[in-house]
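So the structure is just underneath, and the comments pick up after that.
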Amino acid sequence: MNISEIKKHLEKLNLVPGERVADFGAGSGIYTIEAARQIGHKGKVYAIEIQKELLEKIKQLASQESLDNIEYFWGDLEENGGSKLGDSSVDAVILANIIFQVEKKDILLQEAYRVLKPLGRLLIIDWSGSYSNLGPPEEYVVKEEEANQLAAQAGLHQEDNFRAGDYHYGLIFTKQAS
């Protein structure tokens, strides 16, 4: 994915300067870095990743761009509390190309729900197919309907769905106010 696509995906989250955003499974950091730009120096992005070397790469990218509004957490998102964030502590959560990678998908979505503030938003971007192994193997692909079901089971309400490029779907959910 290129940066213009990432920007379009994040526009769907309606990020506001000063917000707190969690990037679950931050990977290469492309969503982390762009979200940090969008929320400004008064906001905070929490990059959560199980691979420590990827967190180091994101730190290097952030340093090159003089972004000091990112915190880095090694965390296992397939465990309850694995993000290491507090209950109802963030305005938005990003799940980009992570659902297909985890076995405990229900726990991942429950963790997103737990950390979201009431009326907080969740962005899901994931592969819509394998595309002759350009994406994940077919048996790992999580179809849009399954992602919707997992989010609903976690207590999230779907607000939007969109094409997120040639090979991905995008979904927006909210956590309802108590």
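Here are the numbers for this structure:
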item	result
Near pairs, Cβ below 9 angstrom, 6+ apart or cross-chain, from region 90-111 (over 18 Å from ALA47 (Cβ atoms) and without any contact (Cβ under 8 Å) to a residue 24 or more places away in the chain) to any residue that is small (Gly, Ala, Ser) and in a strand (DSSP E or B)	none
Hits in region 10-36 - residues which are touching a Ser or Thr at 6+ places or on another chain (Cβ under 8 Å) and surrounded by fewer than 23 Cβ atoms within 10 Å (Cβ to Cβ)	ARG20
Single condition ASN2 does not satisfy, out of (1) free of Cβ contacts under 8 Å to residues at least 60 places away in the same chain; (2) surrounded by 19 or more Cβ atoms within 10 Å (Cβ to Cβ); (3) out of contact with any strand residue (DSSP E or B) (no Cβ under 6 Å at 6 or more places or on another chain); (4) not hydrophobic (A, V, I, L, M, F, W, C)	(2)
Failed criterion for ILE99 (all others in (1) closer than 18 Å to PHE24 by Cα; (2) more than 15 Å from the chain's Cα centre (by Cα) hold)	(2)
From ALA22, ALA36, residue being within 21 Å of TYR169 (Cβ to Cβ), hydrophobic (A, V, I, L, M, F, W, C) and either part of a loop (DSSP other than H, G, I, E, B) or in contact (Cβ under 8 Å) with a residue 12 or more places away in the chain (or both)	ALA22
Members of region 133-178 that are part of a loop (DSSP other than H, G, I, E, B) and touching a Gly at 6+ places or on another chain (Cβ under 7 Å)	GLY135, VAL141, ALA164, TYR167
Pairs where the first residue, in region 134-160, is touching a residue at least 40 places away in the same chain (Cβ under 8 Å) and more than 13 Å from ILE172 (Cβ to Cβ) and the second is surrounded by 14 or more Cβ atoms within 10 Å (Cβ to Cβ) and hydroxyl-bearing (Ser, Thr, Tyr), C-beta under 9 Å, 6+ apart	TYR140/SER130; VAL141/SER128; VAL141/SER130; ALA154/TYR113; GLY155/TYR113
Condition check for GLU103: within 25 Å of GLY170 (Cβ to Cβ), among the charged types (D, E, K, R), surrounded by fewer than 15 Cβ atoms within 10 Å (Cβ to Cβ) and touching an Asp or Glu at 6+ places or on another chain (Cβ under 9 Å)	yes
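Read-outs throughout are calculated quantities, based only on the coordinates presented, and are distinct from any laboratory measurement. Just so you know, these numbers come straight off a predicted model, no measurement behind them. Glycine gets a Cβ as well: all are built from the backbone with ideal geometry, and neighbour counts include every protein chain shown.
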